[in-house]
Amino acid sequence: QVQLVESGGGLVQAGGSLRLSCAASGRTFSSYAMGWFRQAPGKEREFVAAITWSGGTTYYSDSMKGRFTISRDNAKNTLYLQMNSLKPEDTAIYYCAAKQGIATRNRSAYESWGQGTQVTVSS
């Protein structure tokens, strides 16, 4: 399995931006489809975005489409999530996840997870 470590979370005002990173190690990063998920207090973990192993195709939750951008740098074994126009309802712990095969919105399909990074958006 691949090991994942997220970073880049923090406190930001509404309307601001953050870029999350997810550093991968262990197995060949470029062979994995990757996803970002988030979990707010008292809520289930929800899909944010996913990207194919090549980076050629991306998928987004409707509520984040146009504000968030997922990308990856396979040479650096790193996944990114650029978050713009942040809202208080974006406050959550953000997790990156990896899976072999195709990218998917299905949380249960992902095999490896990071420990998460906290994002807090103040109003």
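The values are calculated or read from the model by the stated rules, or taken from the named source; none is laboratory data. Bear in mind that the values here come from a model prediction, so they are computed numbers and not experimental data. Counting neighbours? That spans all protein chains shown, and the Cβs are built from the backbone with ideal geometry, glycine included. Quick note on the areas: whole protein, heavy atoms, side chains included, nothing else; ligands and nucleic acids left out. Shrake-Rupley method; radii C 1.70, N 1.55, O 1.52, S 1.80 Å.
What to note about this one:
- For the residues Leu86, Leu81, the requirement of being within 18 Å of Gly15 (Cα to Cα), in contact with a Lys or Arg (Cβ under 9 Å, 6 or more places away or on another chain), assigned to a strand (DSSP E or B) and open to solvent by less than 70 Å² (accessible area, probe 1.4 Å) singles out Leu81.
- Selection from region 104-123 of residues that are over 19 Å from Val5 (Cβ atoms) and surrounded by 12 or more Cβ atoms within 10 Å (Cβ to Cβ): Thr104, Arg105, Arg107, Ala109, Thr120, Val121
- Subset of region 7-27 [over 17 Å from Val121 (Cβ atoms) and crowded, with 17+ Cβ neighbours inside 10 Å]: Ser21, Cys22, Ala24
- Filter result for Ser30 (loosely packed, with under 15 Cβ neighbours inside 10 Å and farther than 17 Å from Val121 by Cα): yes
- Some residue of region 66-75 being basic (Lys, Arg) and under 12 Å from the mean Cα position of the chain (by Cα): yes
- Here the condition is being in contact (Cβ under 8 Å) with a residue 24 or more places away in the chain and part of a loop (DSSP other than H, G, I, E, B); of Arg27, Arg38, it holds for Arg27 alone.
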